[in-house]
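Participant: Just passing along the structure, written as structure tokens.
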Amino acid sequence: MQQEDMSIVIVGHVDHGKSTIIGRLLADTGSLPQGKLEQVREKCRRSSKPFEYAFLLDALKDEQEQGITIDSARCFFKTKKRNYILIDAPGHIEFLKNMVTGAARAEAALLVIDANEGIKENSKRHGYLLSMLGIKQLCVLVNKMDLVDYDNKIYEKIVKEYSEFLNKINIVPSHFIPVSGFKGENIVHKSEAMNWYKGSTVLEVLDSFTSEKPQKDKPFRMPVQGVYKFTKEGDDRRIVAGTIESGMLHEGDEVVFYPSGKKSKIKTIEAFNEERRKSIGAGHSTGFTLSEQIYVRRGELAAISEQKQPEVTTRIKVNLFWLGKESLKKDKEYYLKLGTAKVSVKVEEILRVLDASSLDNKTSQLVHRHEVAECILRLEKEIAFDLSHDVMSTGRFVIVDNYDIAGGGIVLEALEDKQSWVREKVIMRNYKWEKSQISDERRAEKYNQKSTLILITGEKGVGKKALGKALESKLFEDGKIVYFLGIGNVLYGIDADIKSNSDNKREEHLRRLAEVAHIMTDAGAILIVTAVNLYEEDISIIKTIVNPEKIEVILVGDSKKSALDYTLHIADINPVESNLNRIKKMLQDKGIIYKSM
Ligand code: GTP
Ligand code: MG
């Protein structure tokens, strides 16, 4: 049988002995390449430097650069029980980046405290982060016991003090161990100098950690990395690719993609460089084909329909850890990355700020470096995710400020936003949608156009309708499949049942208009809609219903009176002919229609 793997992260304040302990573990379990230890000792002797176990890691790193076993942050060793991947977390910032981006999927942690120096701020911060990131198995190593004459009182004092801290953040460490990385005491071999300690060695504790439950009982989650076309001519199939973050996938499963709610069935599982298989689980990069073609894109989250579904919204309550040099502030634009989704984000509210080492609470309008804050974030676009206590890997995110990872955190709560009521309906509509056998692309090819919603808006009396109708005629004469829809066409027909005194009258009008637009664009048409004074909020409703990539906004009249994000601005509809040519040029530039030969 294949042995299981377990990733362990090793954290702690600078110089408290993380690398030394890893070096020791490797040396004393006989996991080093032959002659490595002697070679490093010899090198130290020649340069009259005292030997350090940490040098072993550097030596191994150099080898790795030549393509051998070890990479910069990770070391491997085995026991009879399993294979270990030790993740050395040197700088603070690197540590968090690794943890949060999931590069280090540690299942357990060793936290090192120098007995001589005692508990430092970082000892606490790291503890806090482990708890925040949901790492529940923790062993605390009180290191450098040789420097304090193996005094059990010093050890007990640290145990007491640090336990109190961990208590407050709801972590119960599985063990405390007094060790000396340097002398190799209680690492792999029991210490004679500390015969007052009756507990396990580090190695024994590692073997006592339990491997995370097979992810089978967790819901299936795969953030979509990309959708690739089979390269063979005439092959219409697409492979949806990504890494499975949790759960299992089987051929025939019904999958739903969020935020859209579109569903299909798994036809085949296409693992890379592997034989065809009928099922695949968490941790694997994979791809699959679908039995019905649906439009899916990077950033969506795949789930299985009978299982717990992910959350979808633009507002989230989070706990985040800030690392940026510049403090986190409200209303500044950052990027949030979660799974494969990347969206623009602003802080709506900072609810409370916590010092991760003193655990002091305060209210503040800024979050400084190394502080933790509970905040409400507002995303520019909806994303799909999980609450961190449901599925950690799709419930954590990083925040990017100016290309740099400036913070990371976990999602505590999905909050309602203004589009929640529409979104629910759209997800259900997509879920229940009866799919055609004709794909979007086939339609586009046949009709020689990409279906699009052209929204013409502006103040009353600026000539929107005249322009819209003229555009319809022009495109029609060009052979396009095009239709003009004035808002009045919907108002007295489809909307006839909406009471004039109902609360959400405007929103409901817009929702229905957008649903009509969704059907028309799905049918392959270019639909021209005119509406008075659309606001950004109105457009948000429409974008929740119609694929935002299929919407072009044309603003007519005075652009100063509108804060709208438009594709094209026409100050005066006259001369109509030249404006129609401008619109046509825009449609050509966007690849919606093609230049005639
Ligand atoms: P950073 O990676 O810089 O955060 O440090 P680290 O935590 O990896 O510490 P490292 O293992 O490099 O050890 C720092 C210093 O402490 C080195 O000089 C080690 O020799 C020394 N040291 C580590 N463990 C022990 C120990 O058990 N006893 C004594 N006396 N010295 C130790
Ligand atoms: Mg180190």
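Participant: May I ask you to verify whether Glu515 is in a helix (DSSP H, G or I) and over 26 Å from Glu434 (Cα atoms)?
Facilitator: Criteria not met by Glu515.
Participant: Also, quick follow-up: Under the condition of being in contact with a Ser or Thr (Cβ under 7 Å, 6 or more places away or on another chain) and in a loop (DSSP other than H, G, I, E, B), which residue from the range 289-309 is most open to solvent (accessible area, probe 1.4 Å)?
Facilitator: Across the range 289-309, the extreme among qualifying residues is Arg298.
Participant: Every residue in the range 487-531 that is more than 24 Å from Ala470 (Cα to Cα) and open to solvent by less than 10 Å² (accessible area, probe 1.4 Å), please.
Facilitator: Passing the criteria: only Asp495.
Participant: Still on this structure: Could you pull out every one of the strands (runs of 3 or more DSSP E) wholly within the range 146-251 that has 3 or more residues that are in contact with a Cys (Cβ under 8 Å, 6 or more places away or on another chain) and either away from ligand 1 (no atom under 16 Å from the Cβ) or within 26 Å of Tyr128 (Cβ to Cβ) (or both)?
Facilitator: 175-178
Participant: Give Ile593, Ile570, Ile583, Ile554 a once-over and let me know the one that is within 34 Å of the chain's Cα centre (by Cα) and open to solvent by less than 40 Å² (accessible area, probe 1.4 Å).
Facilitator: From the options Ile593, Ile570, Ile583, Ile554, the qualifying one is Ile554.
Participant: Which residues, taken from the range 490-532, are among the β-branched types (Val, Ile, Thr), farther than 23 Å from Gly461 by Cβ and over 36 Å from the mean Cα position of the chain (by Cα)?
Facilitator: Ile494, Ile498
Participant: Sticking with this one: Restricting attention to the range 252-264, which residues are part of a strand (DSSP E or B) and at pLDDT 95 or above?
Facilitator: Answer for the range 252-264, where residues must be part of a strand (DSSP E or B) and at pLDDT 95 or above: Glu254, Val255, Val256, Phe257, Tyr258.
Participant: Would you check which residues across the range 534-557 are in contact with a helix residue (DSSP H, G or I) (Cβ under 9 Å, 6 or more places away or on another chain) and in a loop (DSSP other than H, G, I, E, B) and list them?
Facilitator: Leu534, Val546, Asn547, Gly557
Participant: Sort out which residues of the range 370-394 are open to solvent by less than 20 Å² (accessible area, probe 1.4 Å) and not in a strand (DSSP E or B), and write them in order of number.
Facilitator: Of everything in the range 370-394, those that are open to solvent by less than 20 Å² (accessible area, probe 1.4 Å) and not in a strand (DSSP E or B) turn out to be Asp386, Ser388, Val391, Thr394.
Participant: Now for a separate question. Of everything in the range 1-27, what is acidic (Asp, Glu) and either assigned to a strand (DSSP E or B) or buried (at least 18 other Cβ atoms within 10 Å of the Cβ) (or both)? Give them in sequence order.
Facilitator: Asp5
Participant: If a residue must be touching an Asp or Glu at 6+ places or on another chain (Cβ under 8 Å) and at pLDDT 90 or above, how many such residues does the range 280-291 contain?
Facilitator: 4
Table: residues versus (1) assigned to a strand (DSSP E or B); (2) of a type in the set (A, V, I, L, M); (3) open to solvent by 20 Å² or more (accessible area, probe 1.4 Å).
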site	(1), (2), (3)
Leu453	yes, yes, no
Lys460	no, no, yes
Ala466	no, yes, yes
Glu472	no, no, yes
Leu475	no, yes, no
Lys480	no, no, yes
Leu485	yes, yes, no
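Participant: Starting from the range 180-203, take each residue that is within 9 Å of Arg24 (Cβ to Cβ) and surrounded by fewer than 21 Cβ atoms within 10 Å (Cβ to Cβ) and list its partners that are among the basic types (Lys, Arg) and at pLDDT below 95, counting only C-beta distances under 7 angstrom and pairs at least six apart or across chains.
Facilitator: Hits for this filter: Gly184/Arg24.
Participant: In addition: List pairs: first residue in the range 445-459 and within 17 Å of Val516 (Cα to Cα), second residue charged (D, E, K, R) and surrounded by 24 or more Cβ atoms within 10 Å (Cβ to Cβ) anywhere in the structure, Cβ distance under 7 angstrom, at least six positions apart or on different chains.
Facilitator: As it stands, the answer is Ile456/Lys464, since those pairs meet every condition given.
Participant: Which of the residues belonging to the range 116-160 are open to solvent by less than 30 Å² (accessible area, probe 1.4 Å), aromatic (Phe, Trp, Tyr) and more than 30 Å from Trp322 (Cα to Cα)?
Facilitator: Tyr155
Results for (1) open to solvent by 20 Å² or more (accessible area, probe 1.4 Å); (2) within 16 Å of ligand 2 (Cβ to nearest atom); (3) closer than 21 Å to Ala106 by Cα; (4) at pLDDT below 85, shown as yes or no for each residue.
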| residue | (1), (2), (3), (4) |
| --- | --- |
| Gly30 | yes, no, no, no |
| Glu42 | yes, no, no, no |
| Lys49 | yes, no, no, no |
| Ser72 | yes, yes, yes, yes |
| Arg82 | no, no, yes, no |
| Ile87 | no, yes, yes, yes |
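The values are calculated or read from the model by the stated rules, or taken from the named source; none is laboratory data. Computed from a predicted model, the values in this text were never measured in an experiment. Reconstructed Cβ throughout: ideal geometry from the backbone, glycine too, with neighbour counts over all protein chains shown. The accessibility values were calculated without ligands, DNA or RNA, using every heavy atom of the protein model including side chains. Shrake-Rupley method; radii C 1.70, N 1.55, O 1.52, S 1.80 Å.
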